[in-house]
Each structure stands twice: as C-alpha cells, then as structure tokens.
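The structure under discussion appears below in the form of structure tokens.
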Amino acid sequence: MFALYLLLQPLSALVHRKQKYNVEDLIKTDGTVYEITRPEELLVFNFMYGANLSKYANCSDQPATSMAVSIVGENQEYCWNNALNTSFTTSDPPEGKGIILTYNSDSGNKFMFKVMCGKEKSDWSANAVGLEYTVSITHPGGCAKGGGGDGFGIAFFIILLASAVLYFAIGIPICKCGMKKSGKEIIPFVNFWIALPGLFVEGVKCMFSPCCKKKGYDAVS
C-alpha cells in the first residue's frame, strides 16, 4: 500500500497543476506597475512579469525580470529586490479556493502572490512578516476554470490505475500461492485479458459497420 501511495503522489500533484486559472489580465503590459504604500516602504510590483522600474531612480540596477521591489528610506534611496520572474511554486490558500504563486529572491526574501476566488475583483493588499511578503487580491481568475474538468479526468485515471494495481497485487498471489497456478495462469482471469484487445477491435469495427446497425427490433415468435 505504501508503494501505491508513492506511485499516486505525482499523479495527485498533476491534478493540481492541470487546473486552469484566468489570471492573465492581472499582468501589467502597458509599462505601468502596481504600488502599495506601507509604513516607511513603497512596494512596487507586477504580476508574473517584469515590473517597469524606469521611473524609480534608485532601482536602475535591478534586473529587468524583477517583479517586485521594496523602495525604502527617507528619500526612497534604497531599492531591494523581492522577486525575480523565474521559477515559482504553486499551492492552495488555507482560506479557501484560489492559488498562491511563491517566488524566492536572491536576497533571501519570499514573495507570494495570493489570488483568491471571488466574483468581483478587489484591490491588492500587502502583508509582510520578516522577509516574507504576501500580496493578495480577490479575483474571478482565482476560481479554477471549467469546474475542474481536467482534474476530474485525471482523478478518474488515478482511481482506475489504483484499482488495476490492487487487482493484480491481490489476485496474483491468490492464483499462485492459493490456487497453485504457474506461468501466465497466475494472472486472474487471464483468458479475458488475452481476448480483451480483440474484443475492443471487434467493437470498434462493429460501430462503423452498417451490418451491426439495425433499426427496430427482431420479431419474437
């Protein structure tokens, strides 16, 4: 059972990754950025895309792929990189439906975009604990697209795979040890499995064959 658990973990993760989120309209592509004023700090960021920092004089040395910076100081003379537009991890917010994108910066900061599921779009809010920043928004794009259709298909595949593994894991020892069978006979109902491909092919042929398509019912005498 533990081996089965390990086998299903990557598939379970795939269900989450296959969820679709319409968050593209949160990306600023017109050269503007988001700004949040915090005590003694101006937080400047873009969503999943490099922020245009050209108007911030002390941020000129930041990489073009910087998504979030903190500008601090009495005259905003210090510009600290919080997130680079590189790799990120995704997770579910503990509060409910949505998605969290987590980035790690070279300076040791952790920057998280939290998009919560909601019918109406809210403004961004920010919170910081030590070197961990979280910017949050409620947005329709935080609701998984398509009602989890892709996830259902993969979940069905996981259940089917788990059932097959259990079928053979239990059936083979019974046939081999309990029923003293050997060779291919240790496979439960081996003749059915051997015939299955042929039955499938015949079924497909019948679907497209006019001989298999009869209208009405045969008379019963």
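Every number in this text was worked out from the coordinates using simple rules, so none of it is lab data. Everything quoted here is computed from the prediction, not taken from an experiment. Positions of Cβ are backbone-derived with ideal geometry, glycine not excepted, and every protein chain shown enters the neighbour counts.
Miscellaneous remarks
- For the pair I159 and K20, a Förster radius of 25 Å applied to the C-beta separation gives a FRET efficiency near 0.70, rounded to the nearest 0.05.
- Each label point was placed 7 Å from the Cα along the Cα-to-Cβ direction; for M48 and F208 their separation is 3.9 nm.
- Approximating the spin labels as points 7 Å out from Cα along Cα→Cβ, the I27-to-F200 distance works out to 3.9 nm.
- Fully extended contour minus Cα-Cα distance, from D123 to Q76, at 0.36 nm per residue: 14.5 nm
- Exposure proxy shown here: for K28, K97, K114, the number of other Cβ atoms within 10 Å sets the order, fewest to most, as K97, K28, K114.
- Cut-off 13 Å between beta-carbons: net charge of the residues surrounding K176, Lys and Arg +1, Asp and Glu -1: +2
- Placing R0 at 41 angstrom, the Cβ-Cβ distance between S87 and A169 gives a FRET efficiency of 0.65 after rounding to 0.05.
- Fewest-first ranking of S136, S122, using other Cβ atoms within 10 Å as the exposure measure: S122, S136
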